[in-house]
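Heads up, the thing below is written out as structure tokens.
The values are calculated or read from the model by the stated rules, or taken from the named source; none is laboratory data. Since the structure is predicted, the reported quantities are computational estimates derived from the model, not experimental observations. All Cβ positions, even for glycine, are placed from backbone atoms using ideal geometry, and neighbour counts span all protein chains on display.
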Amino acid sequence: METAPFEPALLNELQSRQPLLWLNPQRGQPLPAAAPPTTLIADAEARIARFAPLMATLFPELAPTGGLIESPLVPAGPLRHALGADSSAEGAWFIKRDDALPVAGSIKARGGFHEVQALAESIAIEHGLLDAKATRRILSGSRARDLFAQYSVSVGSTGNLGLSIGVMAAALGFDAVVHMSADAKAWKKERLRKRGVRVVEHGGDYAEAVAAGRKEALESPLCYFVDDERSERLFFGYAAAARYLARQLADAGRVVDATHPLFVYLPCGVGGAPGGITFGLKALFGEHVHCFFAEPVASPCVLVQLASGSTAPVSVYDIGLDNCTDADGLAVGQASMLVSPLMASQLSGVLTVSDDRLYANLLALKASLDVEIEPSAAAAIGGPVWLRESAAGRAYVQQHGLDMRSATHVIWTTGGSLVPPEEHRRFRAHAEGLAASVGIHR
């Protein structure tokens, strides 16, 4: 299939880095024939449950949750007020705080931990250390660690995926290697090294780090490469988040059905984490959940891929963007070609956000809820405002006949609890310096 020409108005908005809300015209079409089965979500959920006792053993901070990696769902009324939303017409707002996920401190723990768990399980079964009924605590023993030490686990990352893969792999005894791009934060590299992870730095961007990790894996049969762009194990680790969120919504008294729509807003880099969560939520709630990605104006890779209409890769560089943003975790030029075909039928739309808006969002969250996150995690905070204030948002609501008074809005914050205090102070200072010209409202 040849690349369809971009609509001139859309192309102009993208090239001028003008924040926008793009609605996906393909939403609602059937999934592609090659789509993975939704039964793999249940497989991931079961694996995560099997590994929970081992996780509590490996990471003492997980003892209170019995080894479960999960985050709170927090009512966000004060944030709604800070963003100028009318409480009588906006429904209920919540923050899904993956910025506070234990151990790895970001949404990447969901996919990353699951991928390494699946790898360890398969190696242990292959070598006769494990059977289907055995407790996974066995994998913390000396025999398993000696076995895993023969293997290396490699990943290319701007930071958060590297932290999750590196920490989990090193904890099990693998030789953990993280290839990091030049724009990755120094404190993330240092944290990895303190966990016993080898960090290999590259002068280029995220794509170069991924390419280097992939090349290394091809050179050794005992090197396993975690491919953020193509991994189903990552994808279904993220998808497993959906059922827990459903339980949290039920506990909060929030119904999801035709008259009580659910809106979920997710920061997006290569697409694996938000795509997996969207896939999981659509499997549970179908047409009653409406998922929107939030991408930097310099790096809207999923928007570009979907709007191109192409089955071949199309990058932000192809339309003249430079992929330069302070949202380091979202600085991705080319979307995952595993995820993009799935999102073509499931994603409601993409909103884009400037770096200045990231900082304004960050400041609004700190002022209203006393929550500190990193800039990339703030990308989706304005999602509900876009639906109310933009022509595209109002058209979407009208087209689908949605009653926003009974809606539930879930804004996903994706990282920040492990960010050093001095970094948070720097974020706030920069945000406060912008406040006079940017303001709290979009």
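Taking the criterion of being in contact with a Phe, Trp or Tyr (Cβ under 8 Å, 6 or more places away or on another chain) and either assigned to a helix (DSSP H, G or I) or among the polar types (S, T, N, Q) (or both), the residues of region 56-84 that qualify are G77, L79, R80. For region 223-267, filtering for residues that are part of a loop (DSSP other than H, G, I, E, B) and among the acidic types (D, E) leaves 3.
Could you tell me whether any residue of region 196-217 is part of a helix (DSSP H, G or I), in the same structural domain as A92 (by TED's automatic domain parsing) and not hydrophobic (A, V, I, L, M, F, W, C)? Spell out the reasoning first.
Here is the first cut: in region 196-217, the ones part of a helix (DSSP H, G or I) are 206-217.
Now drop any that are not in the same structural domain as A92 (by TED's automatic domain parsing), which leaves none.
No: region 196-217 contains no residue that is part of a helix (DSSP H, G or I), in the same structural domain as A92 (by TED's automatic domain parsing) and not hydrophobic (A, V, I, L, M, F, W, C).
Does D328 meet the test of being surrounded by fewer than 24 Cβ atoms within 10 Å (Cβ to Cβ) and either at pLDDT below 95 or in contact with a strand residue (DSSP E or B) (Cβ under 7 Å, 6 or more places away or on another chain) (or both)? Against the criterion (surrounded by fewer than 24 Cβ atoms within 10 Å (Cβ to Cβ) and either at pLDDT below 95 or in contact with a strand residue (DSSP E or B) (Cβ under 7 Å, 6 or more places away or on another chain) (or both)), D328 qualifies.
Residues satisfying the criterion are present in region 387-403 (criterion: assigned by TED's automatic domain parsing to the domain that holds G275, part of a helix (DSSP H, G or I), in contact (Cβ under 8 Å) with a residue 60 or more places away in the chain and buried (at least 24 other Cβ atoms within 10 Å of the Cβ)).
Within region 109-137, the set of residues being in contact (Cβ under 8 Å) with a residue 24 or more places away in the chain, touching a Leu at 6+ places or on another chain (Cβ under 8 Å) and either in a helix (DSSP H, G or I) or within 30 Å of G329 (Cβ to Cβ) (or both) comprises A109, R110, G111, G112, H114, E115, V116, A120, E121, I123, R136, R137.
The set of residues in region 138-157 being touching a Leu at 6+ places or on another chain (Cβ under 9 Å) and either surrounded by fewer than 18 Cβ atoms within 10 Å (Cβ to Cβ) or free of Cβ contacts under 8 Å to residues at least 60 places away in the same chain (or both) consists of I138, S140, G141, R143, A144, R145, L147, F148, Q150. Within the bounds of region 370-385, is there any residue that is surrounded by 24 or more Cβ atoms within 10 Å (Cβ to Cβ), touching a residue at least 60 places away in the same chain (Cβ under 8 Å) and more than 20 Å from P19 (Cβ to Cβ)? No: zero hits. Being exposed (fewer than 13 other Cβ atoms within 10 Å of the Cβ), over 18 Å from G105 (Cα atoms) and under 22 Å from the mean Cα position of the chain (by Cα) holds for only one residue in A9, A42, A46, and it is A46. Checking the stated criteria, E287 turns out to be under 25 Å from L21 (Cβ atoms), surrounded by fewer than 21 Cβ atoms within 10 Å (Cβ to Cβ) and either of a type in the set (D, E) or modelled with pLDDT under 95 (or both).
Do we find a residue being more than 25 Å from the chain's Cα centre (by Cα), touching a residue at least 40 places away in the same chain (Cβ under 8 Å) and closer than 27 Å to E13 by Cβ anywhere in region 407-419? No, there is no match, as no residue in region 407-419 is more than 25 Å from the chain's Cα centre (by Cα), touching a residue at least 40 places away in the same chain (Cβ under 8 Å) and closer than 27 Å to E13 by Cβ. Among the numbered conditions (1) farther than 20 Å from T278 by Cβ; (2) in contact (Cβ under 8 Å) with a residue 24 or more places away in the chain; (3) polar (S, T, N, Q), the only one that S16 does not meet is (2). With the structure loaded, tell me whether A209 is surrounded by 19 or more Cβ atoms within 10 Å (Cβ to Cβ), among the small types (G, A, S) and more than 30 Å from K282 (Cβ to Cβ) or whether it fails that test. Spelling it out, A209 is indeed surrounded by 19 or more Cβ atoms within 10 Å (Cβ to Cβ), among the small types (G, A, S) and more than 30 Å from K282 (Cβ to Cβ). Just one of the listed residues (E201, E216) is touching a residue at least 24 places away in the same chain (Cβ under 8 Å), within 22 Å of V270 (Cβ to Cβ) and among the charged types (D, E, K, R), namely E216.
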